[in-house]
1. Can you tell me how the range B:174-257 classifies by the Cα gyration tensor, rounded, prolate or oblate, using a/c under 1.5 as the rounded cut?
2. Kindly flag which residue pairs out of B:Lys248/B:Lys388; B:Lys64/B:Lys178; B:Lys235/B:Lys449 have an alpha-carbon separation exceeding 28 Å in this structure.
3. Give, to the nearest whole percent, the P(r) tail of the range A:57-329 beyond 30 angstrom, counting all Cα pairs.
4. Once you average over the residues of B:349-359, how many Cβ atoms of partner chains fall within 10 Å of each Cβ?
5. Count charges around B:Glu341 for me, please; just the other residues with Cβ under 15 Å from its Cβ, Lys/Arg as +1, Asp/Glu as -1.
6. Tell me, A:Cys235, B:Cys211 in order of fewest to most beta-carbon neighbours within 10 Å?
7. Let me have the 222 nm mean residue ellipticity of chain A computed from DSSP H runs of 4+ only, each contributing -39500 (n - 2.57), with the sum over all residues rounded to the nearest 500.
8. Any aspartates and glutamates with Cα under 14 Å of the B:Lys481 Cα? List them, leaving off those in the same chain fewer than 8 positions away.
Amino acid sequence: MKKIKAFFKKRGVASFTASVISIIIGMIFGYFLLLSFDSTNALYGLKQILFAGFKSPEKIAKVLYQAAPLMMTGLSVGFAFKTGLFNIGASGQYLMGAAFALYTGIVLQQPWWVAMVAAALGGAIWGSIPGLCKALFNVNEVITSIMFNWIGLFAVNLFLSNTPKILADYYGAANPDRTADLSAANVKAIIPTLGLDKLFGSTFMNISIVITSVIAIIAFIIISKTTFGYELKACGLNKNASIYAGINAKRNIFLSMLISGSFAGIGGGIYYLSGTAQYTIEKVLLNMGFNGIPVALLASSNPIGTIFSALFISYIQVGGDAMQPEFAKEIIDIIISVIIYLSAFSLLIKGLITRQRKSKKIITAVQDEEHDNEVNKEEGAK
Amino acid sequence: MEDYVIEMLNITKTFPGIKANDDITLRLKKGEIHALLGENGAGKSTLMSVLFGLYQPDSGTIKKNGNIVKISNPNDANDLNIGMVHQHFKLVEIFSVLDNIILGVEPNKLGFLTKKEARKKVVDLSEKYSLSVEPDALIEDISVGMQQRVEILKMLYRDNEILIFDEPTAVLTPQEIKELMSIMRGLAAEGKSILFITHKLNEIMEVADRCTVLRKGKFVGTVEVSLTTKEELSKMMVGRQINFKVEKENVALGKTVLKVENVTVASRLHKNNAVKGISFEVKEGEIVCLAGIEGNGQSEFVYALTGIEKISSGKITLCGTDITKASIRERSKSGISHIPEDRQKFGLVLDYSLAANLELQRYWEPLFQKGGFIKFKAVNDYAERLIKLYDIRSGQGPETIARSMSGGNQQKAILAREIDKNPQLLVAIQPTRGLDVGAIENIHSHIVKQRDSGKAVLLVSLELDEVMNVSDRILVMYEGKIVGEFNPQNTTVEEIGLYMAGAGDKSKNTQKGGEAG
């Protein structure tokens with residue numbers, strides 16, 4: 001048991017260093033980018049990116065606020081990855097979760113935790129349909145989940161525009177194109193703060209980061225400690241072998257997408273039940289879902305790693321906001337995408353790290369073997 | 001003074017931590033067939049990769065016709081007229097034979113293909129060396145044997161003089177092997193020099209002039225094949241005496257374990273049935289062997305037997321219980337163990353640890369889990385026990401990632417897992433495919449031990465030696481049917497070979513026809 005633990009630690013260490021290396025390279029690239037735009041302010045810009053998130057409790061609150069839904073979409077993508085599925089539909093599932101949560105909270109006047117369960121349900125439904133198509137008809141989940149992003153977007157927009165009770169103007173606000181402010185519609189549906197908002201001095205602060213971290217830990221336990229996780233990973237790593245071992249691969253594909261979808265759905269719920277966000281009816285897919293992909297990649301799909309990678313991405317986003325007006329905040333998107341690119345390379349870097357470690361081990365093993373060879377040779381000579 | 005067309009002198013190649021080739025010298029005469037013999041991991045592939053320019057040696061020189069040459073990449077090797085038939089063919093499935101042969105050296109005028117001359121050259125070559133191919137057939141439609149001939153023609157088309165064959169017989173039927181041997185002899189007679197990588201001693205004895213033996217990266221010796229024996233070669237290769245005869249105890253046959261009645265299985269490849277209504281029984285204490293050439297329905301039958309594939313009609317009974325409709329898991333529980341044909345595709349989750357692989361068929365048992373949570377200590381202890389019991393060698397014990405283990409040890413792990421389940425029926429397809437003599441000996445002894453302890457074994461094999469040595473009863477499959485049943489004591493390899501190739505079936509049919517008439 002101790003040995004196994006030590007081993008996983010080592011592998012974890014390798015992924016972690018690989019991610020850190022790609023982040024450092026990404027930052028250096030970012031610095032050069034800033035230099036090329038405005039060399040006098042470049043250092044200031046970099047400082048903002050690196051340190052703005054920690055400057056005040058209020059900024060920290062903003063980081064945590066954004067990190068929570070990001071963590072959920074990251075978990076969503078990572079969980080499906082573990083089963084060998086690429087859930088690119090986290091955006092749609094996230095939106096479905098948001099819509100279910102808002103309907104439950106505003107129209108049905110339910111408390112926040114009921115709305116969260118509804119969010120998980122919405123995401124689960126939207127994730128399980130591509131899962132079902134994959135399991136039953138072997139339709140590529142990438143294609144179906146992309147289509148379900150758009151289907152989800154327009155279905156939600158259509159539904160919301162035709163549900164007057166959910167819109168802001170029903171509660172006296174001026175905008176008919178967005179959902180109601182929860183403080184006006186149903187205060188109970190706002191995620192509680194437990195005094196954290198006062199502690200940080202920010203309305204953005206609530207317990208959502210605690211909830212998502214707990215979910216991440218649960219996901220970690222499911223994946224690495226249970227037979228269910230054992231089956232899921234086996235299906236992802238070698239579908240044929242899992243069929244051979246009598247594992248119901250179809251059921252597992254379906255369940256994996258369902259769980260993955262519910263994670264994204266909870267992400268949507270968490271963001272829109274914070275009391276500070278209102279969903280605006282627009283014809284644009286939500287970025288939060290897609291940002292789950294780099295979060296998962298940076299964490300090598302490890303749920304615990306996802307906690308940190310989500311915090312990091314959110315942290316530099318806040319930093320990006322803080323470098324305005326000297327720099328356009330879009331620069332941070334470029335830096336993030338560079339890191340995303342490099343995080344894909346992080347697999348490669350990880351490979352290099354583990355290979356070096358392996359070869360050291362082989363040396364000792366071979367030295368023993370060579371000794372045996374010599375003994376054999378002597379015997380042969382006799 | 002003898003002419004050597006290729007000399008590899010004192011080649012040493014070290015990988016981080018491993019001396020794959022240690023001071024190896026190999027001299028190839030013009031017009032000879034030179035076998036390169038060694039167990040898996042002995043350094044054969046590394047040596048050939050050095051010759052082919054894929055690796056640079058740390059020290060040592062390569063000479064061609066007495067002149068030192070430097071081979072930095074496969075193009076250099078090609079320029080020196082060195083060609084290679086890889087174990088897994090490098091052909092484009094949806095291209096025609098001719099297109100595959102000219103691929104990379106397409107004859108053209110101003111960028112437009114001029115296939116006419118190419119076709120003539122290919123046809124001439126195929127006649128000269130009696131390599132019968134159909135130039136316009138698609139690769140995916142032709143037999144494995146013909147695909148190999150296409151690979152050989154590819155080398156000849158490029159005017160290669162030194163031909164490397166990497167385990168060419170692994171995929172062939174006995175008849176095709178014979179044919180290949182005569183082709184190789186013909187090539188050598190025409191002055192081509194052949195390097196023949198193998199670990200099959202019979203083939204060396206039959207076709208090679210000389211043989212160089214490697215063991216664990218070191219040069220053991222080069223011998224004249226006519227002056228040596230199979231036993232001596234195997235001793236050089238493994239470093240100890242190998243027992244070719246499988247020792248079996250006398251065991252009385254017990255109850256029927258497996259009863260197969262009229263089983264038909266549809267094919268995934270074509271519209272016909274892959275298995276066409278076969279019936280047989282396997283009793284306690286016997287090894288029944290399904291012999292046959294690859295692609296005659298054995299694999300499909302085993303998939304159907306183990307539940308991976310559905311059967312379209314018929315009935316399968318295990319120890320008196322009808323399992324025709326049972327799921328894979330139910331069959332496994334009721335006492336079928338399955339050593340699959342493709343150990344990496346089906347048998348193992350390569351990125352799982354050895355311990356996780358060893359519990360693959362049993363992870364759900366209370367022994368290994370409680371309330372859905374894996375008992376890591378139990379899994380680890382179990383793995384430790386199997387590793388000891390079955391001598392599975394791995395770098396880091398139970399934590400070793402299966403991918404990093406050698407083929408022989410991967411197979412031992414599967415064997416350990418399947419036998420330790422204590423099955424009523426052990427189904428093994430090609431359990432020794434690609435393994436070296438030492439590993440084969442080990443695996444055979446475990447299979448026989450299973451039989452000696454009164455269990456039933458169904459063995460599917462393409463290797464006639466294995467069929468003859470291990471089994472108690474031989475059923476020959478041809479085109480989805482069982483065409484003959486033999487007792488290995490009263491039959492010959494030739495007879496079984498004939499039945500495997502379908503000739504037996506025809507002769508029997510005409511016989512029957514004669515009787516009826």
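Each value in this text was obtained by applying a stated rule to the coordinates, not by laboratory testing. Note that the structure is predicted; figures quoted are calculated from it, not measured. No Cβ is skipped: glycine too gets one built from the backbone with ideal geometry, and neighbour counts run over all protein chains shown.
1. On the way: a/c = 3.10, a/b = 1.57, b/c = 1.97.
Since a/c reaches 1.5 but b/c is at least a/b, the shape of the range B:174-257 is classed as oblate.
2. On the way: B:Lys248/B:Lys388 24 Å; B:Lys64/B:Lys178 31 Å; B:Lys235/B:Lys449 25 Å.
Cα-Cα > 28 Å for B:Lys64/B:Lys178; rest within.
3. On the way: 10254 of 37128 pairs.
Counting every Cα pair in the range A:57-329, those more than 30 Å apart make up 28 percent.
4. Mean partner shielding for this stretch: 4.
5. Values: positive: B:Arg268, B:Arg343, B:Lys345, B:Arg433; negative: B:Glu294, B:Glu300, B:Glu309, B:Asp342, B:Glu418, B:Glu463, B:Glu466.
Around B:Glu341, the surrounding residues sum to -3.
6. On the way: A:Cys235 27, B:Cys211 24.
Ranked by crowding around the Cβ, least crowded first: B:Cys211, A:Cys235.
7. Numbers: 15 runs with 288 residues, N = 382.
When only DSSP H runs of four or more count, the value is -26000 deg cm²/dmol.
8. B:Glu261, B:Glu294, B:Glu300, B:Asp505
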